[in-house]
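Q: Shown below is the structure under consideration.
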Amino acid sequence: MAAESIAPIRFESEQARVLKNEAVAAGVMRMRLEAPRLASLVQPAQFIQIQTDVGLSPFLRRPFSILRADRQAGWFDILYDVIGVGTRRLETAATGDRLDLLGPLGQAYTPPDAGRLLMVAGGVGIVPLAFLTWENDAVRETGKLLMGAASSKRMPDLDALLPDGLRVAAATDDGSSGHHGFVTDLIAENADAQTTVLTCGPHGMMARVAELTAEAGLTCFASLENHMACGFGACVGCTVEFRDPEREDRRYRRVCLEGPVVNAHQIVW
């Protein structure tokens, strides 16, 4: 499942060229970046850090998971919410612009060998789950993705983001598309005793997924979206608290190094 030990840190710096930058939903953008070295290396659940401006503001890079990669063509896609200074700068990037990248960062996720994988996404949390389906035939053929959004305006065109053949169910808070209610409402009817659940999205949604799967006795992993300032463990700004650690000095762990995928039942929500 998630990595049992921390792999050596190895990442590249690359000047990427913007190939495409387009809106896919209200306030949600998809950017395609030509970065051959990173496209050849990145694996599901890993992320890259983008310097959104060459000046000092915003000073910190922004972390982004990978939606899809074409290793032969040398490009990959990211999906992002336009919510702050850094992402507003990205929104203005035009075809041909250059962006400075670091990556791939974080531990890759390996899906279970047996049973079925149920993926529960909220908003741009679909990104690492979608990449997993593009990269893994078994997940694409036997798994299912549950996608939640606030409304149909915030729901991207899933056919454009996901590979053919993947089973999908959608939910919106206001009932304007798919199930009327939270995406977590759909877990019970789509899981059995052999199902492993992988979730990514807003903190509250992932906490609820962890709660429901614990009650049902299901294995659950969460791909966390903590703020990762450096991305390689130096700043210790993305720590998460673990329950009942084997050693007290292991109670807090860095998501960027020991994640982003963690056992959802072992952390303090």
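Q: I need the full set of residues from segment 123-159 which are assigned to a helix (DSSP H, G or I) and over 21 Å from THR110 (Cβ atoms), in order please.
A: GLY123, VAL124, SER152, LYS153, ARG154, LEU158, ASP159
Q: Could you tell me which residue of segment 160-174 is surrounded by the fewest Cβ atoms within 10 Å (Cβ to Cβ), considering only residues that are within 18 Å of the chain's Cα centre (by Cα) and not in a strand (DSSP E or B)?
A: Step by step, filter segment 160-174, then rank; the result is ALA160.
Q: Out of PHE59, PHE64, PHE76, which single residue is outside the structural domain of VAL183 (by TED's automatic domain parsing), of a type outside the set (Ser, Thr, Tyr), modelled with pLDDT of 95 or more and over 19 Å from VAL261 (Cα atoms)?
A: None of the others qualify; the one that does is PHE76.
Q: Considering segment 139-196 alone, what residues qualify as being farther than 19 Å from VAL24 by Cβ, in contact (Cβ under 8 Å) with a residue 24 or more places away in the chain, out of contact with any strand residue (DSSP E or B) (no Cβ under 6 Å at 6 or more places or on another chain) and not acidic (Asp, Glu)?
A: Listed by number, the residues that qualify are ARG140, GLY165, PHE182, THR184, ILE187, ALA188, ALA193, GLN194.
Q: Sticking with this structure for a sec: State the number of residues belonging to segment 145-164 that are in contact with a helix residue (DSSP H, G or I) (Cβ under 6 Å, 6 or more places away or on another chain) and not aliphatic (A, V, I, L, M).
A: 2
Q: In segment 27-74, which residues are assigned to a strand (DSSP E or B) and either of a type in the set (Gly, Ala, Ser) or over 19 Å from VAL124 (Cβ atoms) (or both)?
A: Of everything in segment 27-74, those that are assigned to a strand (DSSP E or B) and either of a type in the set (Gly, Ala, Ser) or over 19 Å from VAL124 (Cβ atoms) (or both) turn out to be GLU34, GLN51, SER65, ALA69, ASP70.
Q: Between ALA210, ALA188, ALA214, ALA229, which is part of a loop (DSSP other than H, G, I, E, B) and small (Gly, Ala, Ser)?
A: Residue meeting the stated conditions: ALA229.
The values are calculated or read from the model by the stated rules, or taken from the named source; none is laboratory data. Worth saying up front: this structure is predicted, and the values here are computed from it rather than measured. Note: ideal-geometry Cβ built from the backbone for every residue, glycine included; neighbour counts use all protein chains shown.
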